[in-house]
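Here the structure is laid out as structure tokens; the discussion comes afterwards.
The values are calculated or read from the model by the stated rules, or taken from the named source; none is laboratory data. Here the structure is a predicted model, which means the values were calculated and not measured. Glycine gets a Cβ as well: all are built from the backbone with ideal geometry, and neighbour counts include every protein chain shown.
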Amino acid sequence: MDEIWETVNFLADKLDSHFDRSDEQRWTVQALKLQEEVGEVAEAVIGALGANPRKGHSHDWDDVRKETCDVALSALVLLARMGGDPRRFFAEHLRAVAARSESGGTTT
């Protein structure tokens, strides 16, 4: 897990060093990037299903997995760019979601 957060923090720092704007603008752009990645998951699913008659089977399920990883990474980078202790925040949130799940509540 340390390697993941090292990479996430490296990417967040690199992005921040190239974008001289307010915190809110940097976070907004990263949130938009996250949405873009979610759209790429949808595109890959459509392609894996062959649901676009013009493109046919343009993707496979490994493409969906890769795009899903991009979504997860973009979300963690957003969390890191927002400052504080993103690792602790994520761990606490994960524990809360797991506790809700164990008690019969919804997970997300």
Suppose we keep only residues that are buried (at least 16 other Cβ atoms within 10 Å of the Cβ) and of a type in the set (D, E, K, R) within the range 34-53. Which one would you say is farthest from LYS66 (Cα to Cα)?
GLU43
Positions within the range 59-81 being crowded, with 16+ Cβ neighbours inside 10 Å and either in a loop (DSSP other than H, G, I, E, B) or of a type in the set (Gly, Ala, Ser) (or both), in sequence order:
HIS59, SER74, ALA75, ALA80
Restricted to the range 14-33, and to residues that are in contact (Cβ under 8 Å) with a residue 24 or more places away in the chain, surrounded by 12 or more Cβ atoms within 10 Å (Cβ to Cβ) and not aliphatic (A, V, I, L, M), which residue is nearest to VAL77 (Cα to Cα)?
GLN30
Among the residues in the range 55-78, are any in contact with a Phe, Trp or Tyr (Cβ under 9 Å, 6 or more places away or on another chain), at pLDDT 95 or above and not acidic (Asp, Glu)?
yes
Odd one out for ILE4 among (1) of a type in the set (Val, Ile, Thr); (2) surrounded by fewer than 16 Cβ atoms within 10 Å (Cβ to Cβ); (3) more than 25 Å from PRO86 (Cα to Cα)
(3)
